[in-house]
Every structure is written in C-alpha cells, then in structure tokens.
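The values are calculated or read from the model by the stated rules, or taken from the named source; none is laboratory data. Because the structure is predicted, anything quoted here is derived from the model rather than measured. Neighbour counts are summed over all protein chains in view; Cβ atoms, including those assigned to glycine, are modelled from backbone coordinates with ideal geometry.
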C-alpha cells in the first residue's frame, strides 16, 4: 500500500513520509530557537504515525469509516526502549518524552489534562484505551518502521535546555519550567503541521507566507528617520525636552543585554514611541527576532497599531486582538474542514506584533491548538507590556512568572511600561529601570501639570444632575465614568443641547469612535466648546488635551491615566482633575472596580486629595492592592485561581485543560457584533444608514472559504458586547449569524451619538 497523508483539491496525494519528515524538520527548526530541536523533531516525526493504520488510509481515500490516528505516535515515544534510545536514560528524559506524548496525542483537538485512566479525554485515558486490536497494531508498527527510522536525538544533561530546567534548583521551578516547555513543544508541532499542510494544499497561500519581511535592522532605521523628523522644529518646551531625554535614554539603555526592564514615565512623556524605539534598538543589538507590543485595551491596540504603521510602513505591523476568534471554531472538525480556516489562525510570524493583554497572556496558558500555535514565535522577542500596572491582580503572579520564564528559557527581553511606578521589588522582582536619570520621581515632580480635588463621598455621592450642571459650566471638559450604562445615562441629560457634547464608549464601533475623536481634537485645537462623556477607553494612550477632567472614583492608576488627558501639552500652568463619587449606578457594589476604588479612597484620605497622584500615594496604593504588606495573603490574591499550583504539579501530571479554563481575562467574555453602519455626516445618501464598504465585506464573508482576511477588514465595524447583551439582541431578532459572527441588521438599534442600543436595558 502507498501510505499518504492527505489528498488535496487537485487530486494530488501527499506521501506520508514526506509530511512526517517535512513537519519534523520544521518543528525542529522552531523548537531549536529555545534549544529543544530534538523534541520538536520527535513530535513532528511521530505526530501522524497513526496514519499507517489501514482504516485511516481508507478514510483519507474518502471511505466513510471512523478512524483515529493521534494516539499511535504518543504510544511509540512512551515506550521506555524508545525514549531511552532517542533522548537519554534519566528520569528527566522520560519527563521530556511525556511532553512529546502530550503534543502528539493532542495535535488536533487541543491540549488536555494528564489525568488518569478514568478521566475521559485525558492523556492517561487516551493511552490506556487505545482500541486497536493486536493484529492492526502490529501492522501499524511494521508499516511505520519500514518507511521511517527513529533517529537518536540525545539531549545532553549539561546542554542549555536542561540547564534552564534545573536552573533554580527547586522542584517547583522544575515543574513550572517543564509545564511551560510542554506548551512550547506543542506550539512548534501544530504550527509546523499546519504550514506543511498548507504548502501542499494551497500553493498560493504558501507563496504569500514565504514573502520576505523587513528585518529588525530595517525597521529600526525607519523609526530613527521617523522620530528625527518628528522632533525637528518642535517647540523647545519643558515637556518636549523631557520627551527627547526619555527617547535618548531608551535608545542608550537598549544596548544592555536581555532582562526584565521597567520604563516609568508620566503620561504625556512620549512613552509609546520611546518604548518602541527601545524595543527595536534592543532587538537589533541582541539579535532578537521580533517586537511584541502588548496593550490592555482593544481600542488602544487599534490606535497604536495605526501609529506604528505610519512610522514603520503599512505592511509591517500585525494587529491581533479579540474582536474575532476565528481560530476558536470547533477544532474537533476533520482535517479538510479545519483547513478551510487555515488563514484565520494567527501564528505571529511578523516582525512587529501589536496585541492585547488578553490575547498574549491567555495564549501563554491556553490549551486550544489555535491559541497555542503562536507561542514558539514569542521566543527571542522583545516583549513590551504597556500599562503593566493594569494586569489583573488575581493573575499577576502567573503572568510575572511566565514573563520571567520567557526571559530565562526562551531568549526574550521584557519591558514593563507604566505611567505610575508599581513596587516591583515588593513583588520579589528585580527590574532594571531605564529612567535612572532623570529618575521617575524627578519627572513626576517636574512634569506635574494638574491640581487634584475630591468631591462627594461614599455617603454623599454626586448626583448625575449636579455633575451635568458642573460640566455645562465648562467650555472644554472631559468626564470619565466607570460603565457604559452610566455614560449613556449622562448623555440623556444633553438630549436637547448636544452641540459640542460628545460620547465615547465601547458601544460604538471603532470607525465611529475615530470620527468622533477627530472632531473632538479639532474642537480642542480651535478652542471651540467641547464636553466629552467617556468610559475609561479614553484613559490609556488617547492623545487628547483638556483643561479640566472629571473622573468617577476608581483606582489610583485609573485616576492617573485620566489626569494624563489634562493639560497634556502644558498650555496652562495647572489643569484641574476633579475626582467625584458617582451615584450608585456609577460604581458597582462588588468586584474589582469597587475594591480598587475603596483602596484609592483609603490612600487619598491618608495623603490628602491634593497628593493623590504623588509617588508616595501611588506606591501605597499598589502595595495595598497587590497585598505586598501581608506575604501569605498577598501570594493568594495574586494567584487567585491557583494557576501556579496547577503549573507546578509533579511532572508530567499537568492539567493543561484545567489551567486554560481558569486563566480567563475579563475581555475574553465579550463577543463581537458587526455593525455595518455609517454616521449621517459621512453618508452619500443621508437616508441610507448602511456603509456600502462594510456591506460588500459582509457579502464576501458569507461565502469566503478563508474568512480571516475579511474579518480583519471588518474590525472597524465591531462592537464588543457581553453574552447577556448579545442574547437580548438575538431574542429580538436584531442580529443574524454569518460565518460564526453576528451582524446587526436593524439600524434603529444603533444611535449616532451613543452607539449600539441594548433592548430593555435600564
């Protein structure tokens, strides 16, 4: 029998040996970046070993029979004689062989738990319940070993891979590193398998994939030219002198070797481009492969990606966030169906990646094939974590441990960017601060541009009507509230007087927000009336400059971000930041937002409202919310879901699936709704609410064999909603499903001021 891996749409057959060897070579090259090429090669060579089964070959040739193939290779490497001959004789080599078992057994359906024989779907259960009869099994081995040879792939105990695994000389560290390595081996295999399949089945896609990309050196030169032009003929103001000093310091410190860095720069100090300059120069100096820029909010991800494209070129930046999780479509589908979505899965094979905290950190702890596929491409990267202080406290410890592991074992460098200064040392981390001169404290003092005050109290909150009266007395003012619902309630007060009144929230599509922001910036520049009601999406990274900012009570870090939108260009001696206690609907009664607001108030009461943004107040705030004053309690609250405990089980008892279920940032609970709507001011036909460009894209989406590219083009038309909100829209038949994504078709439920309307919302 001629053993084949698959048959493509042209009727061509791919020899099984060709696929196994091609995947092995590719997986080895990926894994070799982190000194695990032997494990990558073994996983690639063995992953489809089960296709030597007679019934699998019949299925590939379109016989309607049930057959599985993923377990055979895992069984093969699990034999003591096999892993000893391939890797080495020690218990450590056995653990490494088990990582290959995980990768091979689950290379289609996603990583599962090690489990036991009684846990359905677990590795133990899969291996124990192999349903092959002895004759079929014997035929498989005979056919396989006739065509392929298992090479010796010795893994030296004194090599870099093992040195990293044993570097901290503790069982807990060894377990964490081994569990982390398991995902990286899995990533190398599934990406290699996907690409080898794509090359055979879709030559056009393969050719596009092989197109050359600009190098780190080229991008560093482009940014140098861009920034040189940007700083030419700028006003020699204090803030611009500091921005230039920060940029120069970032480029100078980029010459240091890879490690954990911090960049603490007050808002308005040019942190975004200074951090990018550091990242590219650092990558150039240290031979790193790419820059991954991680941002907490999707809206800011979109903005920064656009700015980076302006600086580096439109073809350079890969923008990846949670608007569309196409790769999360049912991975239990067969190969032919899964291949249909091959271009939907991101593997981050780009020189500059801009993504969200959700995408980045959830991928590091994921079990799904689609989310894990990109992981190996993180190795030897500069990772910039923007607004690092905003990482969810309950996941802070596993996030920091993952970043440390990327530095220690995978050749990465990490830059933690903050507009505040969390006490990293109190969290047990040594961090190299870039701004040693001028120091963050000096910058905070010299760049102070606002005076702060507190209005109201928990017992005497500020009524919405009073807040609106205050705003109406202002000529230009920004008011930031905690929820979309509160923003909309405030806008209702302005129904009869909307000239110069604007709303910004996640209920609006990205292109809608962009057009509103453009008008806001124009009015601010021209000195026209401009009152903005916004959620916190405007806080981080949005370049606007108001003389006064109102902020509903929240964490000190959020207040600091809000203050960054006030007197940004120092047109006034001091701008005003007014923190107020909102009515009950403006602050949840429980949860993280409530807790941070309470801790902020405690710190403000201790230090005084006028000092709420001092480094002393900020330091105490982070000590409180991170629990660094109580070591035992702090450790629990920074690993609220027990991720570290699960990651440090005795190898190979890793519960990969359970970890992935527990590690969920809030944003991932939201779902995209496409709104092909155009603002009346920008319509060719004022009576037609449909955006014709979006409509054409939706028509393409309905029939697209590879929807990823279409979905990326539709991102400007997306509103993220919570599941209950999506259900409310669906029950009223206001949305329809196309290619797994919902589209709004009743435009009476999209307001040109406040965005998407949720039925029956209070």
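Can you tell me which of (1) touching a strand residue (DSSP E or B) at 6+ places or on another chain (Cβ under 6 Å); (2) at pLDDT below 95; (3) over 29 Å from residue 620 (Cβ atoms) is the one residue 532 doesn't meet?
Result: residue 532 fails condition (2) only.
Residues of the range 91-116 being under 29 Å from the mean Cα position of the chain (by Cα), over 13 Å from residue 373 (Cβ atoms) and in a helix (DSSP H, G or I), which ones?
Residues satisfying the conditions are 96, 98, 99, 100, 101, 102, 104, 105.
Which residue is surrounded by the fewest Cβ atoms within 10 Å (Cβ to Cβ), if the candidates are limited to the range 5-25 and must be within 36 Å of the chain's Cα centre (by Cα) and farther than 19 Å from residue 107 by Cβ?
9
Exactly one condition in (1) in contact with a helix residue (DSSP H, G or I) (Cβ under 6 Å, 6 or more places away or on another chain); (2) surrounded by 14 or more Cβ atoms within 10 Å (Cβ to Cβ); (3) under 25 Å from residue 377 (Cβ atoms) is not met by residue 217; state its number.
In the conditions (1) in contact with a helix residue (DSSP H, G or I) (Cβ under 6 Å, 6 or more places away or on another chain); (2) surrounded by 14 or more Cβ atoms within 10 Å (Cβ to Cβ); (3) under 25 Å from residue 377 (Cβ atoms), residue 217 misses (2) alone.
Residue by residue through the range 573-600, note down the ones that are in contact with a strand residue (DSSP E or B) (Cβ under 9 Å, 6 or more places away or on another chain) and part of a loop (DSSP other than H, G, I, E, B).
Step one: list which residues in the range 573-600 are in contact with a strand residue (DSSP E or B) (Cβ under 9 Å, 6 or more places away or on another chain), which gives 574-583, 586-587, 597, 600.
Answer for the range 573-600, where residues must be in contact with a strand residue (DSSP E or B) (Cβ under 9 Å, 6 or more places away or on another chain) and part of a loop (DSSP other than H, G, I, E, B): 574, 581, 583, 587.
Of the residues 166, 189, 123, which single one is touching a strand residue (DSSP E or B) at 6+ places or on another chain (Cβ under 8 Å) and either surrounded by 16 or more Cβ atoms within 10 Å (Cβ to Cβ) or under 20 Å from residue 379 (Cα atoms) (or both)?
Working: 166 fails: touching a strand residue (DSSP E or B) at 6+ places or on another chain (Cβ under 8 Å); 189 fails: touching a strand residue (DSSP E or B) at 6+ places or on another chain (Cβ under 8 Å).
Sole residue among the options that is touching a strand residue (DSSP E or B) at 6+ places or on another chain (Cβ under 8 Å) and either surrounded by 16 or more Cβ atoms within 10 Å (Cβ to Cβ) or under 20 Å from residue 379 (Cα atoms) (or both): 123.
Only helices (runs of 4 or more DSSP H) wholly contained in the range 337-456 count here; list those with 3 or more residues that are closer than 21 Å to residue 658 by Cα. Outline the logic, then answer.
On the way: elements: 357-364, 369-372, 396-410, 440-446.
In the range 337-456, 357-364, 369-372, 396-410 are the helices (runs of 4 or more DSSP H) which contain 3 or more residues that are closer than 21 Å to residue 658 by Cα.
Name the residues in the range 235-266 that are in a loop (DSSP other than H, G, I, E, B) and closer than 11 Å to residue 443 by Cβ, would you? First the steps, then the outcome.
Here is the first cut: in the range 235-266, the residues in a loop (DSSP other than H, G, I, E, B) are 235-237, 254-259, 265-266.
Within the range 235-266, 265, 266 qualify.
Looking at this structure, is residue 668 closer than 30 Å to residue 100 by Cα, at pLDDT below 90, surrounded by fewer than 16 Cβ atoms within 10 Å (Cβ to Cβ) and touching a helix residue (DSSP H, G or I) at 6+ places or on another chain (Cβ under 9 Å)?
The answer is yes for residue 668.
Can you confirm whether residue 702 is part of a helix (DSSP H, G or I), within 28 Å of the chain's Cα centre (by Cα) and surrounded by 13 or more Cβ atoms within 10 Å (Cβ to Cβ)?
Against the criterion (part of a helix (DSSP H, G or I), within 28 Å of the chain's Cα centre (by Cα) and surrounded by 13 or more Cβ atoms within 10 Å (Cβ to Cβ)), residue 702 does not qualify.
Out of all the residues in the range 469-508, which are surrounded by fewer than 19 Cβ atoms within 10 Å (Cβ to Cβ) and either on the phi > 0 side of the Ramachandran plot or part of a loop (DSSP other than H, G, I, E, B) (or both)?
473, 474, 475, 483, 493, 495, 496, 497, 498, 499, 500 - these are the residues of the range 469-508 that are surrounded by fewer than 19 Cβ atoms within 10 Å (Cβ to Cβ) and either on the phi > 0 side of the Ramachandran plot or part of a loop (DSSP other than H, G, I, E, B) (or both).
All but one of (1) touching a residue at least 24 places away in the same chain (Cβ under 8 Å); (2) crowded, with 16+ Cβ neighbours inside 10 Å; (3) assigned to a helix (DSSP H, G or I); (4) over 36 Å from the mean Cα position of the chain (by Cα) hold for residue 88; which doesn't?
Single failed check for residue 88: (3).
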